[in-house]
Amino acid sequence: MAEPGHEPDRIVREAPAKLNLTLAVIRRRADGYHALHSVMVPLSLADTVTVSLARVSAAPSQKGLGDSTAEFDSTARLDSLAISGFEVAGVGQNLVLRAIVRARAAVSETWPSAPALPPPLAAELVKRIPIASGLGGGSSDAASALDAALEAWDATLSIDRALALAMALGSDVPFFLASGAARISGRGEFVDPLPDLKGRQPAVLLVTPRVAVSTREVFEAFSRGVRPIHPEAAQDVSERLAADMAAGLRGVALLGRAAELATSNDLLPASVAVVPTLLPFRIALARLLALPVGQSGSGPTCWTLYSSLTAARKAARVVEKAIQAGMLPDIGHGPPFVVATTILTRPAASPADRATSPADDNRGHRVPRGGDNVAVSEPESPTNGSVGESAEQDER
Ligand code: C5P
């Protein structure tokens, strides 16, 4: 067992949330899924997934480890998962465990010690991204777990296998395998990388009412005809945003588009059909903040954009005070989750990164950023440092 503070066998991955800046639903596909066009960006708000080789016990155990933590041993392989932070129901169904199980099945085909299988893993998940909120937390956890499991086993998968595995776990998982801003199409499997926004990254205020919104139910409502009045408007805005980001859009220019982005989510009417109280909540929030309020994915998370993290934090305090004063509709099981965060940029490539062989050049990640679909190519424009840097600058 490694000493505390020095645990080389623990593989730690930050699993960022995502924000849909746009979300156009193009059509319903023959397989029941919907073809999309969306510009998605990762956020600095993140869960943490940690994976290490498990110490195998004689028999499977299942035990609680405290109020917000639970442990589950999958009977087949003795993988375990301990969760802290936000409460998560049904640990055994958690995408972290499912990603590990599927990764093992994929890796076992070429596992050097076959018929022995890749060994059990002990995973930990710190949940900071609200669950079922339109922020992709579960999908991001799954992508991180897949990547970390491969590293723990010193294994790799081809991009095609990794993509198939990601799609089997969920439509948003390929985006998280790729890292960075991207144009999403198909059901979610086509992930074309976009350069980071230039200059200072916009900050984002997220307000998530504590109401469960089922993505499946929202898409079903859309299929039944609950759609925006102007059916192609979101697609136009989404395609223009993707083209402009590909050409090198500045962060400040994104702020100027907040009003059109906020209305460019084709799932807005369907989300309201599923949870009607979302509409008065969003209207009240827009009035309070005097800014356009958008929705990420199928909701319920509402977003507003700011030029700095300081401004977003100030807005967060305004929202928290309004909640305490009962100025926002009380629509969930408890007060909404409120957080100020920023759009996450790719780390600037260091000379050491550039010197590594292409197969290893994944900034410490195991899933190859290669192939036709999942993001591979480096962004066209240079990045301007990490979010941490911009946040620090902002606080000075
Ligand atoms: O793929 P994921 O499990 O995230 O999707 C949840 C549900 O949302 C699917 O079962 C499907 O009903 C719906 N969906 C869809 N079109 C997409 C993504 C999801 O219809 N592109």
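The values are calculated or read from the model by the stated rules, or taken from the named source; none is laboratory data. Please read all numbers here as calculations on a predicted model, not as lab measurements. Note that each Cβ is placed from the backbone with ideal geometry, even for glycine, and that neighbours are counted across all protein chains shown.
For every residue, the table says whether it meets (1) of a type outside the set (Val, Ile, Thr); (2) under 19 Å from the mean Cα position of the chain (by Cα); (3) modelled with pLDDT of 50 or more; (4) not assigned by TED's automatic domain parsing to the domain that holds Leu177.
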site: Leu21; (1), (2), (3), (4): yes, yes, yes, no
site: Asp31; (1), (2), (3), (4): yes, no, yes, no
site: His37; (1), (2), (3), (4): yes, yes, yes, no
site: Ala70; (1), (2), (3), (4): yes, no, no, no
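Check Pro228 against each of (1) under 29 Å from Pro280 (Cα atoms); (2) within 16 Å of the ligand (Cβ to nearest atom) and name the one condition it does not meet.
If we test Pro228 against (1) under 29 Å from Pro280 (Cα atoms); (2) within 16 Å of the ligand (Cβ to nearest atom), just (2) comes out false.
Given the criterion modelled with pLDDT of 60 or more and among the hydrophobic types (A, V, I, L, M, F, W, C), identify the matching residue among Ala375, Ala359, Ala325, Ala355.
From the options Ala375, Ala359, Ala325, Ala355, the qualifying one is Ala325.
For Arg224, work out the one condition from (1) modelled with pLDDT of 95 or more; (2) assigned by TED's automatic domain parsing to the domain that holds Ala35 it doesn't fulfil.
Just one mismatch for Arg224, condition (2).
List pairs: first in segment 118-145 and farther than 17 Å from Ala99 by Cα, second acidic (Asp, Glu) and within 16 Å of the ligand (Cβ to nearest atom), Cβ under 9 Å, 6+ apart or cross-chain?
Ile129/Asp141
Can you name the number of the only condition in (1) hydrophobic (A, V, I, L, M, F, W, C); (2) surrounded by fewer than 24 Cβ atoms within 10 Å (Cβ to Cβ); (3) assigned by TED's automatic domain parsing to the domain that holds Ala132 that Ala182 fails?
(2)
Among the residues of segment 193-214, how many are farther than 26 Å from Arg313 by Cβ and more than 16 Å from the ligand (Cβ to nearest atom)?
Selection size over segment 193-214: 3.
Would you check which residues across segment 80-117 are of a type outside the set (Val, Ile, Thr), buried (at least 17 other Cβ atoms within 10 Å of the Cβ) and not in a helix (DSSP H, G or I) and list them?
Our first condition is that a residue be of a type outside the set (Val, Ile, Thr); within segment 80-117, this holds for 80-82, 84-87, 89-90, 92-95, 97-99, 102-106, 108-109, 111-117.
With buried (at least 17 other Cβ atoms within 10 Å of the Cβ) added as a condition, the list becomes 80-82, 84, 86, 94-95, 97-99, 102-104, 106.
If the condition is that a residue be of a type outside the set (Val, Ile, Thr), buried (at least 17 other Cβ atoms within 10 Å of the Cβ) and not in a helix (DSSP H, G or I), then Ser80, Leu81, Ala82, Ser84, Phe86, Asn94 are the ones that fit.
Would segment 305-316 turn up any residue that is in contact (Cβ under 8 Å) with a residue 12 or more places away in the chain, surrounded by 17 or more Cβ atoms within 10 Å (Cβ to Cβ) and under 26 Å from Val218 (Cα atoms)?
Within segment 305-316, one or more residues are in contact (Cβ under 8 Å) with a residue 12 or more places away in the chain, surrounded by 17 or more Cβ atoms within 10 Å (Cβ to Cβ) and under 26 Å from Val218 (Cα atoms).
Condition first: in contact with a strand residue (DSSP E or B) (Cβ under 6 Å, 6 or more places away or on another chain) and at positive phi. Now tell me which residues in segment 128-159 satisfy that.
Of everything in segment 128-159, just one residue is in contact with a strand residue (DSSP E or B) (Cβ under 6 Å, 6 or more places away or on another chain) and at positive phi, namely Gly136.
Within segment 155-163, does at least one residue satisfy the condition of being within 16 Å of the ligand (Cβ to nearest atom), assigned by TED's automatic domain parsing to the domain that holds Leu23 and either of a type outside the set (S, T, N, Q) or part of a loop (DSSP other than H, G, I, E, B) (or both)?
yes
Scan segment 170-192 for residues that are within 15 Å of the ligand (Cβ to nearest atom) and either on the phi > 0 side of the Ramachandran plot or out of contact with any Gly (no Cβ under 9 Å at 6 or more places or on another chain) (or both) and jot them down.
Gly170, Leu177, Ala182, Arg183, Ile184, Ser185, Gly186, Arg187, Gly188, Glu189, Phe190, Val191
Where residues in segment 215-235 are among the charged types (D, E, K, R) and over 24 Å from the mean Cα position of the chain (by Cα), which of them is surrounded by the most Cβ atoms within 10 Å (Cβ to Cβ)?
Per the criteria, the residue is Arg227.
Out of all the residues in segment 132-154, which are part of a loop (DSSP other than H, G, I, E, B) and within 12 Å of the ligand (Cβ to nearest atom)?
Correct list: Ala132, Gly134, Gly136.
Quick one: in segment 37-57, which of the residues that are in a strand (DSSP E or B), more than 30 Å from Leu309 (Cα to Cα) and not hydroxyl-bearing (Ser, Thr, Tyr) is nearest to the ligand (Cβ to nearest atom)?
Val51
Of the residues that make up segment 288-298, is at least one surrounded by 16 or more Cβ atoms within 10 Å (Cβ to Cβ), assigned to a helix (DSSP H, G or I), of a type in the set (Gly, Ala, Ser) and in contact (Cβ under 8 Å) with a residue 24 or more places away in the chain?
No.
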